[in-house]
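The values are calculated or read from the model by the stated rules, or taken from the named source; none is laboratory data. This is a predicted model, so every value here is computed, not measured. Using ideal geometry, Cβ is built from the backbone for each residue, glycine included, and neighbour counts are taken over all protein chains shown. For the accessible areas, the whole protein counts, side chains as well, though only heavy atoms, and no ligand, DNA or RNA atoms are used. Shrake-Rupley method; radii C 1.70, N 1.55, O 1.52, S 1.80 Å.
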Amino acid sequence: MNEQLFTLALLEIVFSIVITVVIIFVSHKMLKWLFFRKEELDGPNLSFSIFTSGIVISLGLILSEILPSITNVIRISSNQSESVDISTIIIYSSLYLLIGFLAAVIINASVFFLFSILTKGVNEFNEIKKNNLSVSILVVAILISITLIVKESIALLISSIIPYPEVTNYL
């Protein structure tokens with residue numbers, strides 16, 4: 001058994017779980033604070049629960065593209081002959097998470113913009129507060145669709161920033 005690979009795999013699992021839980025927790029608190037201060041997940045508003053679930057799925061899809069890039073930086077730093085300090089790993093990880101956060105904000109804003117164009121005169125936030133399930137399901141479907149389409153581009157953008165070691169070309 002390769003002990004270094006095993007240790008690295010355990011580190012990546014723990015890191016991924018911790019980052020995901022923290023980001024989803026913070027995102028849920030921000031969403032609730034910004035738009036739905038009086039709504040509770042255990043309350044009677046099923047529309048808010050559906051909407052929150054869509055946000056969590058969207059974040060999960062985006063994080064599934066970001067976390068491998070962060071673990072690649074850790075792998076590269078553990079394989080290089082010259083040591084890479086922990087601050088470099090934290091800087092790259094923070095940059096990737098910032099890109100993911102900005103992508104999530106842009107995706108959510110585009111969903112609400114698209115929904116507003118599709119349904120003139122309907123305020124989606126008020127409708128979700130009024131427990132309008134059809135609005136909530138439509139917003140979540142648009143959100144997940146756009147996230148699925150954009151997530152590969154996010155992965156490509158982040159992959160372009162990974163500090164791969166220089167390789168000499170003998171051709």
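Please tell me if Glu152 is acidic (Asp, Glu), open to solvent by less than 70 Å² (accessible area, probe 1.4 Å) and either modelled with pLDDT of 90 or more or under 19 Å from Gly54 (Cα atoms) (or both).
No, not satisfied.
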Enumeration of residues in the stretch 92-149 that are surrounded by fewer than 19 Cβ atoms within 10 Å (Cβ to Cβ), β-branched (Val, Ile, Thr) and within 30 Å of Asn72 (Cβ to Cβ): Ile99, Val105, Ile106, Ile144, Ile146, Ile149
Inter-residue pairs, beta-carbon under 6 Å, first farther than 17 Å from Gly100 by Cβ and in the stretch 8-37, second of a type in the set (A, V, I, L, M, F, W, C), 6+ apart: Phe35/Phe125; Phe36/Phe48
Options Val140, Val135, Val122; residue that is part of a loop (DSSP other than H, G, I, E, B), aliphatic (A, V, I, L, M) and more than 14 Å from Ile162 (Cα to Cα): Val122
Subset of the stretch 143-164 [part of a helix (DSSP H, G or I) and of a type in the set (A, V, I, L, M, F, W, C)]: Leu143, Ile144, Ile146, Leu148, Ile149, Val150, Ile154, Ala155, Leu156, Leu157, Ile158
Failed condition for Ile107, given (1) hydrophobic (A, V, I, L, M, F, W, C); (2) assigned to a helix (DSSP H, G or I); (3) more than 12 Å from the chain's Cα centre (by Cα): (3)
